[in-house]
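Have a look at the structure below, then the notes.
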Amino acid sequence: MSDAVPSHFIRDIILEDIKSGKHDGRVQTRFPPEPNGYLHVGHAKSITINFGLAEEFGGLCNLRFDDTNPSKEEVEYVDSIIEDVRWLGGDFGDRMFYASDYFEQIYQWAEQLIQKGLAYVCDLTGEQVRETRGTPTEPGTESPYRSRSVEENLDLFRRMRAGEFPDGTRALRAKIDMASPNFNFRDPVMYRILHAHHHRTGDKWCIYPMYDFAHGQSDSIERITHSICTLEFEDHRPLYDWYIQQLGIYPPRQIEFDRLSITYTLLSKRKLLTLVQDKHVSGWNDPRMPTISGMRRRGYSPEAISNFCKRIGVSKTNGTTELQLLEYYVREDLNKHALRVMAVLDPLKVVIDNYPEGQVEHMAAVNHPEDESAGTRTVPFSKVLYIEQDDFREVPPPKYFRLSPGREVRLRYGYFITCTSVVKDAAGKVVEVHCTYDPATSGGNAPDGRKVKSTIHWVSAEHAVDAEVRIYETLFAKEDPNDVPEGADFTVNLNPKSLDVQRAKVEPSLRGAAAGSRYQFERLGYFAVDADSTLAVPVFNRTVALRDAWAKIEAKA
RNA sequence: UGGGAGAUCGUCUAAUGGUAGGACAGCAGACUCUGACUCUGCUUAUCGGGGUUCGAGUCCCUGUCUCCCAGCCA
């Protein structure tokens, strides 16, 4: 199997630049989040591209906060972003920057454009600006303030900075072309007045640069060679280049790639914030969230997320990746690293009638079938056990291999048992299964070589630890959560069954398991220990279920 | 109906004028003390119409469809 990940157009561009000696072979990228929310798997793609490319070509990737709009930004977000980037393996060393570090320089550049007659202070209200911007087919109309003198503009802009004017009363605009087919050229706002407390600069500033007047310059200051962003900024690139050119500063090259979309998943910070604020989820790190912190809590490994991001490729095609592909990489990585244990989610009592009362045996169990170095542990075996409800059928359907009256199965690492009878409650439901065991099959080995069709997991009733298990389904019931009826919003697609909390019986080795550790509950799925765990009651999040061939057979029948 | 960007199996993605390949998903089987993992095999695609060429997914013309843009958000 070839694991080679094919190249992509951005890597090809870098390759060409290196070949032509464009930046003396230097590669400098950056990951530039706005600290207005938690990072999600879409950002993981960007992190993988930016840090990955830098590493691949012996370059560097900076972490830079695009913190030009204090009204939406918070230190909580800054802290979470740093943690998440590091967790994903993004190595930014000590190169952690903020656009706000550059505010003074950016301000000076704005004055420079005023001096060149390329920027003016406009007294139009936001609404008036919108009204005069024109439409796709009609040019906009020029602001009456467009022809102010350099001196007046400079004076007004300095007074804007000095705090003389209330929010929204004036703005600094670039003087470009109100008839441009590209709206970004219709005299874009460079600075707005915002008397807001900034999480880093405090109250030092009451005017803040817009994204377009900060991003390219920040890239330039950091000598970014390749400024990689998503497709919706394609229309901004001409403006990005225009500012750089008018300022005569180092020109990075902006390159756009397609934003990640995943089925059953929403990747919009604004909408994720809504889910948090309206308490549809427990927080940004709810295990159902597509955030990095949510995935971490759910048990996704950084390697799995990274492998996924490498494999989906980089293109300019707007597509939607199937959730199953992400889950494949999660299973692939967890299969390699998660230790195996036994847990019963939906217990059914089994009594082994011929097993000595009060006897306990400690059966040896391997921790990882494909990694001998993971060692072994023991699991207590006794007369009364729990098995999974699903592993017993009084009337077995076709192709059902598990326990049923008269049938022999293997208890993993235990014994072969044969079902002899059942006990039912008043409603006719089987509440207890009686079996006999074959003492010659200790450890699950049959000395006579006889085969059973099934091996099932179990826990000893007396020794089992009660645990809470949280089973997750997709947060949204619809493949495209944004596909809503007229007038409705995306929350109508929320999946009411996305969280199912169950009481489970787990093997005693799991008592006191460390939060964050990941296990495979054999035959069930991968589970991660949640920080909500106590010594008395461990709490597990189901990361992802194992593939289940029987479920498919059964579903078809 | 302006501008920008796209269109290859169900999905994502290769092929840079020369055998349309891979991964996931699906189907069938082998193996198995996890109906897991692994392994084997199979199904399925170049948006339409013209043209250039010995040869076109790729080049040209034309049509269609999809996404983005009228924040003092990023």
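Quick look at the values:
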quantity: Matching residues, region A:190-220, being β-branched (Val, Ile, Thr) and within 33 Å of the chain's Cα centre (by Cα); calculated: A:201
quantity: Every pair of residues 6+ apart whose Cβ atoms lie under 9 Å, when the first sits in region A:366-379 and is in the same structural domain as residue A:463 (by TED's automatic domain parsing) while the second is open to solvent by 100 Å² or more (accessible area, probe 1.4 Å) and within 11 Å of RNA strand B (Cβ to nearest atom); calculated: A:368/A:336; A:370/A:336; A:371/A:336
quantity: Residues of region A:324-347 that turn out to be touching a strand residue (DSSP E or B) at 6+ places or on another chain (Cβ under 9 Å) and within 9 Å of RNA strand B (Cβ to nearest atom), as a count; calculated: 7
quantity: Residue within region A:421-442 that is basic (Lys, Arg), within 30 Å of residue A:275 (Cα to Cα) and touching a strand residue (DSSP E or B) at 6+ places or on another chain (Cβ under 9 Å) present; calculated: no
quantity: Lone unmet requirement of (1) within 16 Å of RNA strand B (Cβ to nearest atom); (2) open to solvent by 70 Å² or more (accessible area, probe 1.4 Å); (3) assigned to a helix (DSSP H, G or I) for residue A:152; calculated: (1)
quantity: Verdict on residue A:518 being under 30 Å from residue A:406 (Cα atoms), open to solvent by 30 Å² or more (accessible area, probe 1.4 Å) and touching a residue at least 12 places away in the same chain (Cβ under 8 Å); calculated: no
quantity: Region A:390-403, residues that are more than 10 Å from RNA strand B (Cβ to nearest atom) and either buried (at least 19 other Cβ atoms within 10 Å of the Cβ) or of a type in the set (Phe, Trp, Tyr) (or both); calculated: A:392
quantity: Criterion: of a type outside the set (A, V, I, L, M), modelled with pLDDT of 95 or more, open to solvent by 60 Å² or more (accessible area, probe 1.4 Å) and within 14 Å of RNA strand B (Cβ to nearest atom) - qualifying residue of A:3, A:12; calculated: A:12
quantity: Candidate set: region A:298-317, residues that are farther than 17 Å from residue A:85 by Cβ and not in a loop (DSSP other than H, G, I, E, B); chosen: the one farthest from RNA strand B (Cβ to nearest atom); calculated: A:298
quantity: Members of region A:43-79 that are farther than 17 Å from residue A:228 by Cβ, part of a helix (DSSP H, G or I) and within 16 Å of RNA strand B (Cβ to nearest atom); calculated: A:70, A:71, A:72, A:77, A:78
quantity: Of all residues making up region A:472-501, the number that are open to solvent by less than 50 Å² (accessible area, probe 1.4 Å) and closer than 24 Å to residue A:457 by Cβ; calculated: 1
quantity: Residue A:26 being near RNA strand B (Cβ under 9 Å from one of its atoms) and more than 22 Å from the chain's Cα centre (by Cα); calculated: no
quantity: Flag for residue A:282 being open to solvent by 50 Å² or more (accessible area, probe 1.4 Å), more than 17 Å from residue A:263 (Cβ to Cβ) and small (Gly, Ala, Ser); calculated: yes
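The values are calculated or read from the model by the stated rules, or taken from the named source; none is laboratory data. Note that this is a predicted model, so its numbers are computed, not measured. Please note: Cβ atoms are built from the backbone with ideal geometry, for glycine as well, and neighbour counts cover all protein chains shown. With ligands, DNA and RNA removed, areas are computed over all heavy atoms of the protein, side chains included. Shrake-Rupley method; radii C 1.70, N 1.55, O 1.52, S 1.80 Å.
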